[in-house]
1. Would you say A65 is buried (at least 24 other Cβ atoms within 10 Å of the Cβ), away from the ligand (no atom under 16 Å from the Cβ) and under 26 Å from A264 (Cβ atoms)?
2. Could you list, in sequence order, all residues of region 180-196 that are away from the ligand (no atom under 15 Å from the Cβ) and either under 9 Å from the mean Cα position of the chain (by Cα) or of a type in the set (G, A, S) (or both)?
3. Could you look through region 215-254, keep only residues that are touching a His at 6+ places or on another chain (Cβ under 8 Å) and closer than 14 Å to L83 by Cα, and pick out the one that is farthest from the ligand (Cβ to nearest atom)?
4. Residues being free of Cβ contacts under 8 Å to residues at least 60 places away in the same chain, surrounded by 21 or more Cβ atoms within 10 Å (Cβ to Cβ) and more than 16 Å from V112 (Cα to Cα): count how many of those fall in region 173-216.
5. Which ones in region 139-162 are farther than 18 Å from L340 by Cβ, in a helix (DSSP H, G or I) and out of contact with any Lys or Arg (no Cβ under 9 Å at 6 or more places or on another chain)?
6. Within region 85-106, restricting attention to residues that are buried (at least 22 other Cβ atoms within 10 Å of the Cβ) and closer than 17 Å to Q342 by Cβ, which residue is nearest to the chain's Cα centre (by Cα)?
7. Here are D227, D244: which of them is among the acidic types (D, E), farther than 18 Å from Q66 by Cβ and surrounded by fewer than 16 Cβ atoms within 10 Å (Cβ to Cβ)?
8. Whether any residue in region 233-243 is among the basic types (K, R) and either in the same structural domain as G161 (by TED's automatic domain parsing) or outside any helix (DSSP H, G or I) (or both) is what I want to check.
Amino acid sequence: MTIDLSQSANVVIPQADADAPIQFFDLKAQQKLVREKVEKRFTTILDHGRHIGGPEVDELEQKLAQATGAADAVAVGSGTQALVMPLIALGYGHGDAVFIPGFTYNATANAVLLAGATPVFVDVDPSTFNMCPTDLERQIKAVNARRDLTARAIMPVDLYGLPADYTAIQSIADAYKLRVIADGAQAFGGKQDGKWVGAIAEITGTSFYPTKTLGGYGDGGAILTTDKEFANVLRSIRWHGTDDQRKLSVRVGINGRCDSIQCAVVSDKLDIFGAERQRRIAIAKIYDARLEGLVPLQKAQAGAENGYGLYTIRVENRDDIRARLQEKSIPSAIYYDTALHQMKAFEVYAPAGGLPECEKAAREVLSIPMHPYLSDSQAHRVCDELETILRP
Ligand SMILES: Cc1ncc(COP(=O)(O)O)c(C=O)c1O
């Protein structure tokens, strides 16, 4: 079956009643669509007994590559592994600098450090929340002036589902001879210039954490790449660096496997992904139209399409606004209230002078409900309440 990420034939996404409680995410509503299929899959897997490395792994990998246009896909145990493994494969470690945005989930920095390399934080663009190409170049020049670090790779993050500015970043990468490993954990279903996340950068890591746009029923992730040979190196690393017989170690590796059950779940969810994506876009259109001018919104650069893992606005008096939304039973969440260079684990890597836009974003961002099972009328209710609070 061919997967089209922009539509799913014969899949109807149910819409909640206007007065139904609003959920921030709604995995229960989604489960109703896939549960029967998933239960059958569990039975099949229990029967064949290949819980690790079953046929479901190849099935998912083929579907992911076909759907995104990547040359190959490697299913792994988590989004974090999907970032660590390419760094291991490229041989980066002690003394190697990997440039990451300072405003992202901590997994991005952890991945670099787990590989043994050094994260170099880059400020974000205030309108996209993604890595700022101008600051990236400044930080690369600063590293190139140091003796203790060698600039090796850029790991942009597609925050909230919006692809980073890969056109600008790739030209900087080319100019300074750096590799690009995209952290697309939040952005499966995003696009740039007609290319899906997974086929934009040469290497992309994504996450199947349950609340992601493509989530499993447990941990999982995938590495998508434009290079088939690189994918086979990753397959070896995923199985402790072993050879084709999975016996002798030919390189250092880890247990980076995604089990058959998670691959089956994600594979089934891919079948409804196109229809879900259409609903995410429809909700975002309502929010865009009603909130534009009321609060600053995340702006996509030319040619980019947000995958809408989250819908995030900027507000001042965030605690007060959240409390007032909660009074009206509208859930909200903060991704993230602290920039990475301000966290204890990473503060030794903080650049002199800090990262002003990351710090400001951490003070102001507020994510409002975004999922395919939110109805149009519920989205309007969210906007009604925000208007009442912000335009009294
Ligand atoms: C930006 C980003 N990178 C990496 C990860 C790590 O993914 P996982 O939790 O599947 O390891 C996440 C997950 O939340 C994320 O949001």
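1. Numbers: buried (at least 24 other Cβ atoms within 10 Å of the Cβ): no; away from the ligand (no atom under 16 Å from the Cβ): yes; under 26 Å from A264 (Cβ atoms): yes.
When the stated conditions are applied, A65 does not pass them.
2. The answer is G194, and nothing else.
3. In this case the residue turns out to be G253.
4. 5
5. Step one: filter region 139-162 for residues farther than 18 Å from L340 by Cβ, giving 140-141, 144-148, 150-152, 161-162.
Checking the rest, the ones that are also in a helix (DSSP H, G or I) come to 140-141, 144, 161.
Across region 139-162, the qualifying residues are I140, K141, N144.
6. The selected residue is T104.
7. Values: D227 fails: farther than 18 Å from Q66 by Cβ.
The conditions single out D244.
8. Of all residues in region 233-243, those among the basic types (K, R) come to 235, 238.
The next check asks that each one be either in the same structural domain as G161 (by TED's automatic domain parsing) or outside any helix (DSSP H, G or I) (or both); those that pass are 235, 238.
The answer is yes; a qualifying residue exists.
The values are calculated or read from the model by the stated rules, or taken from the named source; none is laboratory data. Values in this document were obtained by computation on a predicted structure and should not be read as measured data. Heads up, the Cβs are rebuilt from the backbone with ideal geometry, glycines too, and the neighbour counts pull from every protein chain shown.
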